[in-house]
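Heads up, the thing below is written out as structure tokens.
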There are 2 protein chains.
Amino acid sequence: MLGSVAAACTTLSFLPQVLHTIKTKDTEGISLTMYVLFVFGILCWLIYGLLSHDLPLMLGNGITLVLSSIVLLLKLKSKADERTAIL
Amino acid sequence: MLGSVAAACTTLSFLPQVLHTIKTKDTEGISLTMYVLFVFGILCWLIYGLLSHDLPLMLGNGITLVLSSIVLLLKLKSKADERTAIL
């Protein structure tokens, strides 16, 4: 029960960040290193879940991977746009 | 092994975010809702780890709780500063 609440909160917490970043297009305050490490870590968790046939681990990390990857892609896109603007 | 790499990455990923936020003081792009949900979720994970006497769960979530709480506090501080500036 407590584990489910915990998992739901940490997984779904990335949804407001995705919406916030899409709305404001402001990624300056977001650390690229954080999201590279985080997405890689969640990918490892997902593989770990797949290998150990653990459905909650697969499901939770699958959703978190999609959401955190969107934030990472938006951060990378705005970095690329900045570079284009300078050239 | 894979689980340890995954845990290390997701836990330590919040460190560059803390350093980034302290350095830039830019919290505009950070979602307050995300960090409120995330910190609450990690707190639940920590209690879950304590109740089930799971040391890796306690350790990982303890560190993540400290790091993500710093980001949340910096976000709340800049929100408060903004409000003071308006008044």
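What order, most packed first, do the peptides A:29-40, B:41-52 have when packing is the mean number of other Cβ atoms within 10 Å of each residue?
Packing proxy ranking, top to bottom: A:29-40, B:41-52.
Place the label 7 angstrom along Cα→C-beta at B:Asp54 and in each other copy, then list the distances from the first to the rest in nm, shortest first.
0.6
I'd like the mean, over residues of B:22-35, of how many other protein chain beta carbons sit within 10 Å of each residue's own Cβ.
6
In whole Å, what are the Cα extents of the protein assembly as shown along the three principal axes, biggest one first?
Projected onto the principal axes, the Cα atoms of the protein assembly as shown cover 47, 39, 23 Å.
What FRET efficiency do you get for B:Val66 and A:Ala80 if R0 is 25 Å and r is their Cβ-Cβ distance, rounded to the nearest 0.05?
0.15
Find the eigenvalues of the gyration tensor of the Cα atoms of chain B, then list the square roots of 5 times those eigenvalues as equivalent ellipsoid semi-axes, largest first, in whole angstrom.
29, 15, 8
For n ≥ 4 DSSP H runs only, could you compute -39500 (n - 2.57) per run for chain B, divide by its residues and tell me the 222 nm figure to the nearest 500?
Result for chain B: -29000 deg cm²/dmol, rounded to the nearest 500.
For B:Leu2, place a label point 7 Å from Cα along the Cα-to-Cβ direction in every copy; what are the distances to the other copies, in nm, shortest first?
2.9
Name the chain B residue with the Cβ nearest the axis that maps B onto A: which is it, and what is the distance in angstrom?
Closest to the axis: B:Gly29, 2.
Net charge near B:Thr27, counting Lys/Arg +1 and Asp/Glu -1 over other residues with Cβ under 9 Å of its Cβ?
Spelling it out: positives minus negatives among the neighbours equals +2.
Count, for each residue of B:45-58, the Cβ atoms from other chains sitting within 10 Å of its Cβ, then give me the mean as a whole number.
2
Give the relative contact order (percent, whole number) for chain B; include only Cα pairs under 8 Å separated by 6+ residues.
Here the relative contact order equals 41 percent.
A short reminder: the numbers here are calculations on the coordinates, not readings from a lab. Just so it is clear, the structure is predicted and the values come from calculations on it, not from any experiment. Here Cβ is always computed from backbone atoms with ideal geometry, including for glycine, and neighbour counts include all displayed protein chains.
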